Structures are given as structure tokens and as C-alpha cells.
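Asks: Dumping the structure here so I can ask a few things about it.
The values are calculated or read from the model by the stated rules, or taken from the named source; none is laboratory data. None of the values given here were measured: they were computed from a predicted structure. All Cβ positions, glycine included, derive from the backbone under ideal geometry; neighbour counts span all protein chains shown.
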Amino acid sequence: QVQLAESGGGLVQAGGSLTLSCILSGGTFSIYDMAWFRRAPGEERESVGAVVWNGVTAYVESVKGRFTISRDNAKNTVYLQMNSLKPEDTAVYYCAARPVRVGNPHNEKTYAYWGQGTQVTVSS
């Protein structure tokens with residue numbers, strides 16, 4: 001059974017950086033598209049971005065130029081490097097996985113597996 005485990009969350013000042021990691025176990029990492037989502041207090045969960053099986057990335061507009069998603073197939077790990085953090089980036093961040101497929105990588109309904117989430121708090 002596929003399981004995901006995020007790590008790396010914490011408290012950071014505005015303008016700072018943080019890197020989240022997510023390890024996949026119980027499956028063949030290289031065949032999964034991997035994504036990051038987040039849920040801010042009182043808000044719906046939203047996409048941050050994704051890296052599909054072949055390394056192509058996609059980001060939502062609000063994080064372009066600040067966040068970078070990468071994957072290391074040898075380590076079964078996907079990363080979310082976050083720079084120039086803003087208070088509005090405060091949220092619980094989730095990683096998600098789906099078997100390789102064509103389709104919108106930002107659509108959370110297409111992801112079968114989810115991590116438990118890690119809190120990121122950006123202070124002003």
C-alpha cells in the first residue's frame with residue numbers, strides 16, 4: 001500500500017525559505033506523478049504545483065518564481081523548495097501521488113494517495 005510522509009514544516013519569517021520533503025513507500029515512485037497542495041486556515045485545499053513522472057513541472061500562478069518542485073527517484077522523494085515566503089503562504093501542506101496519467105496535474109480529485117500534511121507558518 002502506497003504511503004506518503006511529509007517533513008520539513010515549521011515557522012519562518014516572511015522573506016525566508018523552507019524546504020519540504022515527501023517520501024513515498026509501498027510503490028514504484030518513478031511511475032507516479034507527484035504534487036503539492038495546501039490548505040490555509042478557513043480555506044479550501046488548493047494546488048501548489050506538481051512534478052509528473054518525467055520531471056515536467058507545473059505551478060500555480062501565486063507561487064511561480066518562488067517555489068520549486070523536484071523529485072529524486074533514487075530516494076523516492078519529492079521536494080518543495082519555498083523561497084521569498086509570505087504570510088499568505090501559511091497553510092498545511094500536503095503531498096499527493098497518482099499513477100501516471102494524462103490530465104490536469106492541479107486537479108486534486110485525480111490523486112489517489114495523500115500524506116498527513118505538515119504545517120508551514122510564515123510570520124510577518
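Asks: Could you run through the stretch 103-116 and say how many residues are crowded, with 18+ Cβ neighbours inside 10 Å and either in contact with a helix residue (DSSP H, G or I) (Cβ under 6 Å, 6 or more places away or on another chain) or not in a strand (DSSP E or B) (or both)?
Replies: The number of residues fulfilling the criteria is 3.
Asks: For the stretch 54-81, which positions are without any contact (Cβ under 8 Å) to a residue 12 or more places away in the chain and among the β-branched types (Val, Ile, Thr)?
Replies: Selection gives Val56 alone.
Asks: Separate question: Does the stretch 31-48 hold any residues that are in contact with a Gly (Cβ under 9 Å, 6 or more places away or on another chain) and either surrounded by fewer than 20 Cβ atoms within 10 Å (Cβ to Cβ) or modelled with pLDDT under 95 (or both), and which are they?
Replies: Arg39
Asks: Let me ask something additional. From the list Thr28, Thr19, which residue is farther than 15 Å from Trp114 by Cα and either without any contact (Cβ under 8 Å) to a residue 40 or more places away in the chain or crowded, with 17+ Cβ neighbours inside 10 Å (or both)?
Replies: Within the list Thr28, Thr19, the selection yields Thr28.
Asks: Can you confirm whether Val51 is over 18 Å from Glu6 (Cβ atoms) and either crowded, with 18+ Cβ neighbours inside 10 Å or without any contact (Cβ under 8 Å) to a residue 12 or more places away in the chain (or both)?
Replies: no
Asks: Now, a different point. Specify which of the listed residues (Val100, Val120, Val56) is of a type outside the set (Gly, Ala, Ser) and surrounded by 12 or more Cβ atoms within 10 Å (Cβ to Cβ).
Replies: Matching residue, one of Val100, Val120, Val56: Val120.
Asks: Now for a separate question. Given the residues Ala74, Ala35, which is the only one that is closer than 13 Å to Leu24 by Cβ and assigned to a loop (DSSP other than H, G, I, E, B)?
Replies: Ala74
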